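K.L.:
Below is the structure I would like to discuss, written out as structure tokens.
The values are calculated or read from the model by the stated rules, or taken from the named source; none is laboratory data. Keep in mind it's a predicted model, so treat the numbers as computed, not measured. Every residue, glycine as well, gets a Cβ built from its backbone with ideal geometry; the counts of neighbours run over all protein chains shown. Surface areas here come from the heavy atoms of the whole protein model, side chains and all, with no ligands, DNA or RNA. Shrake-Rupley method; radii C 1.70, N 1.55, O 1.52, S 1.80 Å.
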Amino acid sequence: MGARSVSKPAVFISYSHKDVSCLELFWPYIETLKGEEGVQCWYDGKITEGAVWEKEIVAAMEEASVAVLFISQPFLASKFVAETELPWLLRAFEKKKLTLLPVFVSPSQVAVNDKTKILTKIQGFASPTRTLGHMNEIGKQEVFLNLSNRIRELIAERRSLPLAPGTEAGKTLGKEAMSGVSEKNSVAAGVPERIYVIDSKAGTPKTRKVKTTKQKILEPLPGLRLLPVPGGIFTMGDNQGRDFEKPEHRVELSPFGLAETPVTNQHYGIFILETKYREPFYWRDQKYSDPQQPVVGVAWQDAVAFCEWLSKKSGKEFFLPSEAQWEYAARGPEGCRHPWGDDDPTKELACFGLDYGNGKPALVGRYPAGAGPFGHLDLAGNVWEWCRDVWDNQVYKKRADGTMVKDPVVKRGNADVRSIRGGSWFRPASYLRVGFRGDAPAGGCGVSLGFRLAAPASTLNP
């Protein structure tokens, strides 16, 4: 075997030569990674002349801690990939020796068999149904930027191993130190939730007051409170927004409950401890691991799994809010442009516009002045929030006949793409208006993707 051209590469890149253009597009981002200590990338172009290429590839896979897979039909049809490379990488992934990062290049039969189907369940870049081939150049660049940032974070995680057992952050999420909460009042210990009545004391927003009538508060986990949202009719959409946010239309909603804040790392940690569910991406990254930060790196299916677990444990029904429920909770019957009113966003009202490299999500509830009309916090900025709805960029136009729509939830369409709301900690102020609609692959797990709970009125009023 010839001499190794790369010493202990950290990143192994697997691709079909028919997709070499993707590797070429990604290479400028690789170059920035190569300048960082310990970050080296290997692909078959590194094989030295006269070397036994099969052995070179296997040796490179053995040394890698991260593998990037450019997935297309030619990739899956390759005999070497199907019989050697992919089985080896999947075994290493299952043994937690290596992190797989699939990049979906073009439509393929990736979900045909059990061996390849697992790739659709791992955090992907693009998705099997919205591949790089479906995107314009800007969309592709965003995918490669996110991919390179994820690799950088994995390498940093490998160096420091934050949140490992024994670290202070890790202990905080341990069963023995759940913010001082004893097992006797935890749903995870099998005790029913507590329901109590208080006067809402949310902070005073700039342009309108949060309702201060007595509210019934449901707390299924310590610190995870659901506030009631009365039924009502409101105007959904934004005629001043983007095309798929038009036209404005009337929607009627039944009463429901919505969590005061997004689900935190502390709450999600209880779920992991009890169910042994897989950890979210970034779970061991100190930048995103404070117990009171919103949990990030969760796919849509992960958020649904949390809701199902909590429903089973408490005997109450919980789910992700619909787009309509989320927007009404943020807009209120007055139809304001932001949760706090019509004033423009400021740094006192929401967490937004931070530098991607140096910023991070704020602890939940740190912006009481930005509270919504029913007392909910962090509806604008901080993290995007998954909604139940299948993404449909034409759904508002389908409601344009003037007929009142009641309790809408979009269920038809491409279920691999879901609606998200709220903007995030690094997005600009324009993303914070309540009519702003976003979408993300259901399997996506970004540093700004979180969720909050919703519940029917019957859950709040047993």
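K.L.:
Evaluate the range 336-352: report whether one residue or more is of a type in the set (Phe, Trp, Tyr) and open to solvent by 40 Å² or more (accessible area, probe 1.4 Å). Steps first, answer last, please.
P.N.:
Our first condition is that a residue be of a type in the set (Phe, Trp, Tyr); within the range 336-352, this holds for 340, 352.
After this cut, where a residue has to be open to solvent by 40 Å² or more (accessible area, probe 1.4 Å) as well, the list is none.
No, that holds for no residue.
K.L.:
Can you name the number of the only condition in (1) assigned to a loop (DSSP other than H, G, I, E, B); (2) under 16 Å from the mean Cα position of the chain (by Cα) that ARG412 fails?
P.N.:
(2)
K.L.:
Do we find that VAL390 is open to solvent by 20 Å² or more (accessible area, probe 1.4 Å) and not in a helix (DSSP H, G or I) in this structure? Steps first, answer last, please.
P.N.:
Numbers: open to solvent by 20 Å² or more (accessible area, probe 1.4 Å): no; not in a helix (DSSP H, G or I): yes.
No: the conditions fail for VAL390.
K.L.:
Restricting attention to the range 408-458, which residues are within 20 Å of LYS246 (Cα to Cα), open to solvent by less than 40 Å² (accessible area, probe 1.4 Å) and basic (Lys, Arg)?
P.N.:
Within the range 408-458, ARG418, ARG421, ARG433, ARG437 meet the criteria.
K.L.:
Still on this structure, please answer the following. Tally up the residues in the range 32-88 that are modelled with pLDDT under 85, open to solvent by 20 Å² or more (accessible area, probe 1.4 Å) and either at positive phi or charged (D, E, K, R) (or both), please.
P.N.:
Qualifying residue count, the range 32-88: 12.
K.L.:
Another one. Checking the conditions here, which among LEU349, LEU354 is under 24 Å from VAL229 (Cβ atoms), in contact with a Lys or Arg (Cβ under 9 Å, 6 or more places away or on another chain) and among the hydrophobic types (A, V, I, L, M, F, W, C)?
P.N.:
Details: LEU354 fails: under 24 Å from VAL229 (Cβ atoms).
None of the others qualify; the one that does is LEU349.
K.L.:
Out of PHE256, PHE306, report the one residue that is modelled with pLDDT of 95 or more, out of contact with any strand residue (DSSP E or B) (no Cβ under 8 Å at 6 or more places or on another chain) and open to solvent by less than 10 Å² (accessible area, probe 1.4 Å).
P.N.:
Details: PHE256 fails: out of contact with any strand residue (DSSP E or B) (no Cβ under 8 Å at 6 or more places or on another chain).
Selected residue: PHE306, the only one of PHE256, PHE306 that is modelled with pLDDT of 95 or more, out of contact with any strand residue (DSSP E or B) (no Cβ under 8 Å at 6 or more places or on another chain) and open to solvent by less than 10 Å² (accessible area, probe 1.4 Å).
K.L.:
If PHE93 satisfies all but one of (1) over 21 Å from VAL20 (Cβ atoms); (2) in contact (Cβ under 8 Å) with a residue 12 or more places away in the chain; (3) not in a helix (DSSP H, G or I), what's the number of the condition it fails?
P.N.:
Against the list (1) over 21 Å from VAL20 (Cβ atoms); (2) in contact (Cβ under 8 Å) with a residue 12 or more places away in the chain; (3) not in a helix (DSSP H, G or I), PHE93 comes up short only on (3).
K.L.:
May I pose another question? Of the residues in the range 396-416, how many are aliphatic (A, V, I, L, M) and without any contact (Cβ under 8 Å) to a residue 40 or more places away in the chain?
P.N.:
So in the range 396-416, the residues aliphatic (A, V, I, L, M) come out as 400, 404-405, 409-410, 415.
Then keep just the ones that are without any contact (Cβ under 8 Å) to a residue 40 or more places away in the chain; that gives 415.
Result for the range 396-416: 1.
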